[in-house]
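Q: Just passing along the structure, written as structure tokens.
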Amino acid sequence: LTLEEVDDDMLDVQLPTGKFDIIFSKSGGLVVVEFEQIRQSFPKLDAFALLAQRAISRIQRQTDTEELLRVAVSEIRDLTGFDRVMAYRFLPDDSGEVVAELRRDDLEPFVGQRYPAGDIPAQARRLYVLNPLRLIADIGYKPVALFPQNNPLTHMPLDLSRSVLRSVSPIHVEYLTNMGVAASMSISIVVNNRLWGMIACHHMTPYLVPRAIRMSCQLLSQIVSVLVERTLTQEHARAIGYIY
């Protein structure tokens, strides 16, 4: 496999310790290969293919931004089974507001709450645009040291921005722990190369969503991003027409 052939490709392999997804990415002239164990607790993927097809159809029919986000939250919760799924919309000052939510009945509602821009630092926003889906399957994981720490070609620290299994900021771990969250998944909504919004998924116990299902969710978020951009353009055009 050459660098030219690698484009976030995915294979799977059966090893003595179980079945694994093999995930490829590129970083600094290297091919980074990650092994993610496949759990057998989810239904067969052909059932999810039908759910994803239905979800895409429902999302594409929406013409209003808020309704679009509500439908996206509903479909992603159906696909993944998370205890809570929320849609954030970021305001011009980068503060965020929860505008749609589905949750387990015993959980506190967050819809309507506002969060300061500092909750997502500029570096994290860059990563959310570069790598639009991020899963933390178990917030209580024990990080493993990288060896060697530097890229042997560049002798610089290895850039793991596109890595699936890279470690998480201790500040973010503490933030989720304080909320009682044991697993999370975030899916970016990117408009004009800017983090416009996000779909955040929380689970109260460790929870590994298979990569194939995560990729279906990422596809949905890409469709949502395109539709949000189209809706905003139409709203702007109507506003200009009204003014003039």
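Q: Quickly run through segment 187-228 and pick out the residues that are of a type in the set (D, E, K, R) and not in a strand (DSSP E or B). Before the answer, list the steps.
A: We begin by selecting, within segment 187-228, every residue of a type in the set (D, E, K, R); these are 194, 211, 214.
Scanning segment 187-228 gives Arg211, Arg214.
Q: Just to check your reading of the model, which residue among Arg125, Arg84, Arg162 is in contact (Cβ under 8 Å) with a residue 40 or more places away in the chain, under 17 Å from the mean Cα position of the chain (by Cα) and crowded, with 18+ Cβ neighbours inside 10 Å? Working first, answer last.
A: Values: Arg125 fails: crowded, with 18+ Cβ neighbours inside 10 Å; Arg162 fails: crowded, with 18+ Cβ neighbours inside 10 Å.
The match here is Arg84.
Q: Conditions: (1) of a type outside the set (Asp, Glu); (2) within 30 Å of Asp106 (Cα to Cα); (3) in a helix (DSSP H, G or I). Thr231 meets all but one. Number of the miss?
A: With (1) of a type outside the set (Asp, Glu); (2) within 30 Å of Asp106 (Cα to Cα); (3) in a helix (DSSP H, G or I) applied to Thr231, the lone miss is (2).
Q: Check Arg114, Arg103, Arg70 and return the single one that is among the basic types (Lys, Arg) and closer than 15 Å to Ile189 by Cβ.
A: Values: Arg114 fails: closer than 15 Å to Ile189 by Cβ; Arg103 fails: closer than 15 Å to Ile189 by Cβ.
Exactly one residue qualifies, and that residue is Arg70.
Q: Restricting to segment 128-156, name every residue that is aliphatic (A, V, I, L, M), open to solvent by less than 70 Å² (accessible area, probe 1.4 Å) and in contact with a strand residue (DSSP E or B) (Cβ under 8 Å, 6 or more places away or on another chain). Let's see the steps before the verdict.
A: Here is the first cut: in segment 128-156, the ones aliphatic (A, V, I, L, M) are 129-130, 133, 135-137, 139, 144-146, 153, 156.
The next check asks that each one be open to solvent by less than 70 Å² (accessible area, probe 1.4 Å); those that pass are 129-130, 133, 135-137, 139.
Residues satisfying the conditions are Val129, Leu133, Leu135, Ile136, Ala137, Ile139.
Q: Hey, another quick one. Under 8 Å by Cβ, and 6 or more places apart or on different chains, what pairs join a residue from segment 45-56 that is surrounded by 13 or more Cβ atoms within 10 Å (Cβ to Cβ) with one that is modelled with pLDDT under 75?
A: Filtered contacts from segment 45-56: Phe48/Phe42.
Q: Of all residues in segment 87-112, how many are surrounded by 14 or more Cβ atoms within 10 Å (Cβ to Cβ) and part of a loop (DSSP other than H, G, I, E, B)? It would help to see each step written out before you state the result.
A: Step one: list which residues in segment 87-112 are surrounded by 14 or more Cβ atoms within 10 Å (Cβ to Cβ), which gives 87-90, 94-103, 110-111.
With the extra rule that they be part of a loop (DSSP other than H, G, I, E, B), the set shrinks to 94-95, 110-111.
Of the residues in that region, 4 qualify.
Q: Also: Within segment 202-217, can you find the residues that are out of contact with any Asp or Glu (no Cβ under 7 Å at 6 or more places or on another chain) and buried (at least 16 other Cβ atoms within 10 Å of the Cβ)?
A: Tyr207, Leu208, Val209, Pro210, Ala212, Ile213, Arg214, Ser216, Cys217
Q: If you check Thr233 against the conditions, is it of a type in the set (Ser, Thr, Tyr) and either in contact with a Cys (Cβ under 6 Å, 6 or more places away or on another chain) or without any contact (Cβ under 8 Å) to a residue 24 or more places away in the chain (or both)?
A: On the way: of a type in the set (Ser, Thr, Tyr): yes; either in contact with a Cys (Cβ under 6 Å, 6 or more places away or on another chain) or without any contact (Cβ under 8 Å) to a residue 24 or more places away in the chain (or both): yes.
It is true that Thr233 is of a type in the set (Ser, Thr, Tyr) and either in contact with a Cys (Cβ under 6 Å, 6 or more places away or on another chain) or without any contact (Cβ under 8 Å) to a residue 24 or more places away in the chain (or both).
The rows are residues; the columns are (1) within 21 Å of Val31 (Cα to Cα); (2) free of Cβ contacts under 8 Å to residues at least 40 places away in the same chain.
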position	(1), (2)
Leu146	yes, yes
Leu153	yes, no
Glu174	no, yes
Gly197	no, no
Arg214	no, no
Leu219	no, no
Ala239	no, yes
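Q: What number goes with the only condition from (1) modelled with pLDDT of 85 or more; (2) more than 30 Å from Pro152 (Cβ to Cβ); (3) surrounded by fewer than 15 Cβ atoms within 10 Å (Cβ to Cβ) that Thr65 does not pass?
A: Unmet for Thr65, out of (1) modelled with pLDDT of 85 or more; (2) more than 30 Å from Pro152 (Cβ to Cβ); (3) surrounded by fewer than 15 Cβ atoms within 10 Å (Cβ to Cβ): (3).
The values are calculated or read from the model by the stated rules, or taken from the named source; none is laboratory data. Quick caveat: nothing in here was measured; it's all calculated off a predicted structure. Because the Cβ atoms are built from the backbone with ideal geometry, glycine has one as well, and the counts that use them run over all protein chains shown. Surface areas here come from the heavy atoms of the whole protein model, side chains and all, with no ligands, DNA or RNA. Shrake-Rupley method; radii C 1.70, N 1.55, O 1.52, S 1.80 Å.
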